[in-house]
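Encoded as structure tokens, the structure appears first; notes follow it.
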Amino acid sequence: MSGLLAGKRLLVTGVITDASIAFSVAKLAQENGAQVVLTGYGRLSLVERIAKRLPEPAPVIEVDVTNTEHLAGLADRVREHVDGLDGVVHSIGFAPQSCLGGGFLDAPWEDVATALHVSTFSYKSLAMAALPLMSPGGAVVGLTFDATKAWPVYDWMGVAKAGLESASRYLALHLGKQGIRSNLVAAGPLRTIAAKSIPGFDQFEEVWAERAPLGWNLTDQEPAARACLALLSDWFPATTGEIVHVDGGYHAIGS
Ligand SMILES: NC(=O)c1ccc[n+]([C@@H]2O[C@H](COP(=O)([O-])OP(=O)(O)OC[C@H]3O[C@@H](n4cnc5c(N)ncnc54)[C@H](O)[C@@H]3O)[C@@H](O)[C@H]2O)c1
């Protein structure tokens, strides 16, 4: 087997359509020699259908990251397909509608708590659920949307992402002794189900494509996926707690 991830065994969460960032990660990973196990949430038959569109049909395990039983059983379910894991991809985000689209001042705690549970705390829960299968050299990679700024309409999801960025650094701290890395990719806006569920997200789109020094393609998930692959590979052996921007350079430019 050849390729950047030759022989690596990966758990990839977050596939719901073939536009999902996770779908591009799974596809590229297989093309680069990895064995992929997917997790699916909610509409499992849909995820299974999408999984068949990968170069190699991948098994799908049901995981709701807020369900403690799913998390407790994860390692055993993964072992039915692979004997260990070299990488885990967290490509999960959700916030109730009240938390998005300008509702920052009115969103109730119960909804904010859901956003933080699914989008922030789950990064740690997923990593811990997979940890029994991991060994030194392993990597956890997640997806963020630059949380150093307050964006219009992103609201509590922005807060959840700020928490995710911090959680990744703490995971790096606590898993470093075991030789396991934790890094994030900060992607620019991409037209996925998650993005479309944010009212007014299109505001980012034009401005991003116009201002990013390298330009920005809203329907090309591959640059973000490639960065995930690089971070999962052996080519970042001494990098952890890092955030790699894959945004056409937008974050570096003043407005
Ligand atoms: N699309 C963008 O513009 C963009 C930009 C930067 C970062 N991101 C991040 O990328 C990641 C992937 O999102 P995407 O844009 O590919 O959208 P997507 O809608 O394709 O993926 C989001 C995934 O989260 C899963 N999910 C939601 N609740 C879950 C739960 N309780 N348990 C398990 N899974 C659950 C969904 O099933 C879905 O597969 C998210 O963290 C998102 O915030 C997206």
Between segment 210-255 and segment 55-131, the alpha-carbon center distance in angstrom: 22
For segment 162-204, accessible area per residue (1.4 Å probe, heavy atoms of protein chains only), Å²: 43
Portion, in percent, of the accessible area of segment 6-112 that falls on carbon or sulfur, probe 1.4 Å: 48
Average accessible surface area per residue within segment 34-151, 1.4 Å rolling probe, Å²: 47
Extension reserve of the A6-D76 stretch, reckoned as 0.36 nm per residue once the Cα distance is removed: 22.8 nm
Cα lying deepest toward the dipole's positive end in the chain, options V15, F204, N183, charges on Cβ: N183
Overall form of segment 83-226 per C-alpha gyration tensor (a/c, 1.5; a/b vs b/c): oblate
Whole-Hz ³J(HN,Hα) from phi, Karplus 6.51 cos²θ - 1.76 cosθ + 1.60, for segment 120-127, glycine and proline x: 10, 4, 4, 4, 6, 4, 5, 4
Helix-only CD estimate at 222 nm, as mean residue ellipticity for the chain, using -39500 (n - 2.57) per DSSP H run (n ≥ 4): -11000 deg cm²/dmol
Residue-by-residue Karplus 3J(HN,Hα) for segment 88-99, coefficients 6.51, -1.76, 1.60, Hz, glycine and proline x: 10, 10, 9, 10, 10, x, 7, 9, x, 3, 4, 8
Given charges at Cβ of Lys, Arg, Asp, Glu: the chain dipole, positive-most of S2, G163, L74: S2
Segment 156-255: GluC sites (Glu not before Pro) in DSSP coil with no more than 15 other Cβ atoms inside 10 Å: none
Extension gain, H117 back to E206 (0.36 nm per residue minus Cα-Cα distance, nm): 29.0 nm
Magnitude of the charge dipole, segment 65-109, Cβ model with Lys/Arg +1 and Asp/Glu -1, debye to 20: 120
Crossing angle, helix 222-232 versus the chain [Cα axis fit, 0-90 degrees, rounded to tens]: 50
Listed peptides 142-155, 24-37, 52-65 by packing density, highest first (mean Cβ within 10 Å): 24-37, 142-155, 52-65
Test item: Cα-centred dipole of segment 183-255, Lys/Arg +1 and Asp/Glu -1 on Cβ, debye: 80
Cα gyration tensor shape of segment 1-42, rounded if a/c is under 1.5, else prolate or oblate by comparing a/b with b/c: oblate
Global form of segment 6-76, assessed from the alpha-carbon gyration tensor, a/c cut-off 1.5: oblate
Rounded to the nearest 20 debye, dipole of the chain from Cβ charges on Lys, Arg, Asp, Glu: 460
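The values are calculated or read from the model by the stated rules, or taken from the named source; none is laboratory data. Keep in mind the model is a prediction, meaning the values are calculated, not measured. FYI the Cβ positions are ideal-geometry reconstructions off the backbone, even for glycines, and counts take in every protein chain you see. For accessibility, only protein heavy atoms count, side chains too; no ligands or nucleic acids. Shrake-Rupley method; radii C 1.70, N 1.55, O 1.52, S 1.80 Å.
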